[in-house]
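The values are calculated or read from the model by the stated rules, or taken from the named source; none is laboratory data. These numbers come from a predicted model, not from an experiment. Neighbour counts run over all protein chains shown; Cβ positions are idealised from the backbone, glycine included.
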């Protein structure tokens, strides 16, 4: 079990690191928004700031998702499960991960990857007048899916550890 917990700690450290690093995407996003507000006050709005702010917000939102899972900041309804023992909560968590989370993430990886590859193959550009390339931002989709998959593996390892520890205590 120690080997698995070591893997879980490494995944958690990676998710924590990426969450912290990609949280800094808020700085250029804020600067874009401030710049746009400033230029609009002088009747000189730009074409590119709206799209760039969408790209940076989308990248930020996606790339910190695994960190959000690590920190338990995703929506969870624990009104009932919060009354159960730690072992029962871990068992319910495992059931949810294997029946709902991982099937979704596998679909997310598959379609995100094909969506990204298709965008790269056609060198997809935005429909706007500015027309920036879309393939770099679409690459964030499968990257996010893989990061969420890894963090899900870490959460499963931690849930199994809770079950094993509770079983050891009861014997």
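Here are some notes:
- Residues that are in contact with a strand residue (DSSP E or B) (Cβ under 7 Å, 6 or more places away or on another chain), surrounded by fewer than 17 Cβ atoms within 10 Å (Cβ to Cβ) and over 18 Å from residue 10 (Cα atoms) occur in the stretch 133-140; there is at least one.
- Every listed requirement among (1) closer than 23 Å to residue 139 by Cα; (2) surrounded by fewer than 14 Cβ atoms within 10 Å (Cβ to Cβ); (3) over 21 Å from the mean Cα position of the chain (by Cα) is met by residue 120 save one, (2).
- Tallying residues that are surrounded by 12 or more Cβ atoms within 10 Å (Cβ to Cβ), free of Cβ contacts under 8 Å to residues at least 24 places away in the same chain and within 21 Å of residue 73 (Cβ to Cβ) within the stretch 11-31 yields 3.
- If you go through the stretch 32-47 and keep only what is free of Cβ contacts under 8 Å to residues at least 24 places away in the same chain and in a helix (DSSP H, G or I), you end up with 33, 34, 35, 36, 37, 38, 39, 40, 41.
- Selection of the stretch 64-90 for residues being surrounded by fewer than 18 Cβ atoms within 10 Å (Cβ to Cβ), more than 21 Å from the chain's Cα centre (by Cα) and either at pLDDT 95 or above or in a helix (DSSP H, G or I) (or both) yields 81, 82, 83, 86, 87, 88, 89.
- The number of residues in the stretch 48-63 that are more than 21 Å from residue 131 (Cβ to Cβ) and touching a residue at least 40 places away in the same chain (Cβ under 8 Å) comes to 2.
- Residue match in the stretch 125-136 (condition: in contact (Cβ under 8 Å) with a residue 40 or more places away in the chain, outside any loop (DSSP other than H, G, I, E, B) and within 24 Å of the chain's Cα centre (by Cα)): no
- Among the residues making up the stretch 64-81, those that are free of Cβ contacts under 8 Å to residues at least 24 places away in the same chain and within 23 Å of residue 17 (Cα to Cα) are 72, 73, 74, 75.
- Here the condition is being closer than 23 Å to residue 142 by Cα, part of a helix (DSSP H, G or I) and within 26 Å of the chain's Cα centre (by Cα); of 61, 50, it holds for 61 alone.
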